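**Q** Please read through the structure below; I'll follow up with questions.
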Amino acid sequence: MPDKIHLTVATVVEKDSRFLMVLETKAGQQVINQPAGHVEPGEDILQAALRETMEETGWQVTISGFLGFSTHFAPSNGVTYYRMSFVAQPVGFDTQAVIDPDIDLSQWMTLDEIRAQQQQLRSPMVLSCIEDYLAGRIFPLDIFRNSL
């Protein structure tokens with residue numbers, strides 16, 4: 001059963017009142033998500049968040065806070081996703097970055113645009129972590145005791 005438990009990271013990146021989002025096709029349907037992905041074995045959690053954001057969007061970011069830990073069970077594949085969400089600030093866009101082939105497009109979206117397309121969100125965690133961010137529910141990064 002361990003293959004049905006996935007540890008993931010995501011970043012909420014805001015710039016000019018827009019959020020960095022990705023569009024990806026899952027099970028034949030295009031969905032909207034934050035830059036997010038799986039933590040690799042032996043990988044530092046914060047480094048995973050930086051890596052996934054770069055791989056999916058081409059944006060280099062800095063992590064400034066922790067939004068929390070959330071879970072979602074996906075009936076479509078029977079996987080339980082454990083997600084650690086972070087606040088990140090954009091540093092710069094790498095025009096030479098090779099984007100993960102699973103990503104259709106990355107784009108900056110307003111909160112209203114995200115809410116208007118709520119039925120396309122990959123999971124309820126997408127909007128809930130933006131709402132946590134907007135409410136200021138952000139924890140300091142010194143809660144992490146990384147030794148990797």
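**Q** Exposure proxy check: ASP112, ASP94 ranked by fewest other beta carbons within 10 Å?
**A** Values: ASP112 9, ASP94 13.
Result, fewest neighbours first: ASP112, ASP94.
**Q** Same structure, new question: Apply the a/c threshold of 1.5 to the C-alpha gyration tensor of the range 1-50 and tell me whether it is rounded, prolate or oblate. Display every interim value, and only then the final one.
**A** Numbers: a/c = 3.42, a/b = 1.25, b/c = 2.73.
Oblate, because a/c is 1.5 or more while a/b does not exceed b/c.
**Q** Which order do peptides 43-53, 97-107 fall in by mean Cβ count within 10 Å, highest first? Display every interim value, and only then the final one.
**A** Numbers: 43-53: 19.2, 97-107: 13.6.
Packing order, densest peptide first, comes out as 43-53, 97-107.
**Q** Please say if the range 45-132 is rounded, prolate or oblate, where rounded means a/c under 1.5 for a ≥ b ≥ c the square roots of the C-alpha gyration tensor eigenvalues, and otherwise the choice is prolate for a/b larger than b/c and oblate otherwise?
**A** Working: a/c = 1.42, a/b = 1.35, b/c = 1.05.
Cα axes put the range 45-132 in the rounded bin.
**Q** Let me ask another. Using DSSP to define loop residues, name the chymotrypsin sites (Phe, Trp or Tyr not before Pro) in the range 50-148 whose beta-carbon has at most 15 other beta-carbon atoms within 10 Å.
**A** On the way: sites: TRP59, PHE66, PHE69, PHE73, TYR81, TYR82, PHE86, PHE93, TRP108, TYR133, PHE144; in loops: PHE144.
Answer by residue number: PHE144.
**Q** Can I ask one more? Which number do you get for Rg(Cα) / (2.2 N^0.38 Å) in the chain? If you can, show how the numbers build up before the last one.
**A** Numbers: Rg = 14.5 Å, N = 148, 2.2 N^0.38 = 14.7 Å.
In units of the globular-protein estimate, the chain measures up at 0.99.
**Q** OK, next. In whole Å, what is the distance between the alpha-carbon centres of the range 73-148 and the range 1-64?
**A** Centre-to-centre (Cα) distance: 6 Å.
**Q** Using helices alone, what [θ] at 222 nm do you get for the chain, with -39,500 (n - 2.57) per DSSP H run of 4 or more residues, divided over all residues and rounded to the nearest 500?
**A** On the way: 3 runs with 30 residues, N = 148.
Helices in the chain give a 222 nm mean residue ellipticity of -6000 deg cm²/dmol.
**Q** Within a 10 angstrom radius of the beta carbon, how do MET84, MET21, MET54 rank from fewest other beta carbons to most?
**A** Working: MET84 21, MET21 24, MET54 18.
Going from sparsest to densest Cβ surroundings: MET54, MET84, MET21.
**Q** While we're here: Between GLU43 and ARG137, with labels modelled 7 Å along Cα→Cβ, what's the label distance in nm to one decimal, could you check?
**A** About 2.6 nm, to one decimal.
Read-outs throughout are calculated quantities, based only on the coordinates presented, and are distinct from any laboratory measurement. Because the structure is predicted, anything quoted here is derived from the model rather than measured. When we count neighbours, we look across all protein chains shown, and the Cβ atoms used for this are built from the backbone with ideal geometry, even at glycine.
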